[in-house]
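Trainee: What follows is a single structure, and I will ask about it in a moment.
Any read-out appearing in this document is the output of simple, stated calculations on the displayed coordinates, not a laboratory observation. Computed from a prediction, not measured in an experiment: that's the story for all the values here. When we count neighbours, we look across all protein chains shown, and the Cβ atoms used for this are built from the backbone with ideal geometry, even at glycine.
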Amino acid sequence: MMTGWEDDAYGYHGDDGAKFHAFGRGTEFGPKFTTGDVIGCGINFFDGTAFYTKNGIHLGIAFRDVMGEFYPMIGLRSFLETVEANFGQDKFVFDIDKYAKELFKEANKQTDISSPIPNTP
């Protein structure tokens, strides 16, 4: 069983760049990744979306309507492969603070109440 093949799992695979959710056949998503690449995964709990990053570049929204409890998972295919995980103890390659500020700025634009309410007859 690979990451993202189960009903409540989401995955982005490096061998083909496909994303997976609840099925063993992926859909095209992003670039392939390999040794030396830094892959990030983020969840926006306000709008229920999940995204991935590669070497600090946001790859776009991978999944919508994401909800529930989440547990990180990394799948490896070859003997003696190694990975490092960063759950915030070190600075992320992706600028998550800048991304969050942009999201809040956009949300504030959409809920701007300083605009006058048009007169209605």
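Trainee: Out of Lys98, Lys32, Lys19, any idea which swings most in a Gaussian network model of the chain, alpha carbons joined below 10 Å?
Mentor: Looking only at Lys98, Lys32, Lys19, the largest GNM fluctuation is found for Lys98.
Trainee: Relative to the compact globular guide of 2.2 N^0.38 Å, what is the alpha carbon radius of gyration of the chain, as a ratio?
Mentor: 1.32
Trainee: Hey, what did the chain get for relative contact order, percent, Cα under 8 Å, at least 6 apart?
Mentor: Computed value for the chain: 14 percent relative contact order.
Trainee: So for region 10-110, taking the charge dipole from beta-carbon charges (+1 Lys/Arg, -1 Asp/Glu), which of Phe94, Asn44, Asn108 sits furthest toward the positive end?
Mentor: Sorting the options by dipole projection puts first Asn108.
Trainee: What is the set of long-range amide H partners of Cys41 at a cut-off below 5 Å, with H atoms built 1.01 Å from backbone N?
Mentor: The answer is Thr53.
Trainee: On to the next question. If the only charges are +1 at each Lys and Arg Cβ and -1 at each Asp and Glu Cβ, what is the size of the charge dipole of region 10-110 around the Cα centre, to the nearest 20 debye?
Mentor: 200 debye
Trainee: Less than 11 Å Cβ to Cβ from Gly48, Lys/Arg counted +1 and Asp/Glu -1: what total charge do the surrounding residues give?
Mentor: Surrounding charge for Gly48 is -1.
Trainee: Name the longest site-free stretch of the chain, where the excluded sites are chymotrypsin sites (Phe, Trp or Tyr not before Pro) in a DSSP loop with no more than 15 other beta-carbon atoms within 10 Å.
Mentor: 88-121
Trainee: In a GNM of the chain with a 10 Å cut-off on Cα contacts, which of Glu28, Glu102, Glu69 has the highest mean-square fluctuation?
Mentor: Glu69
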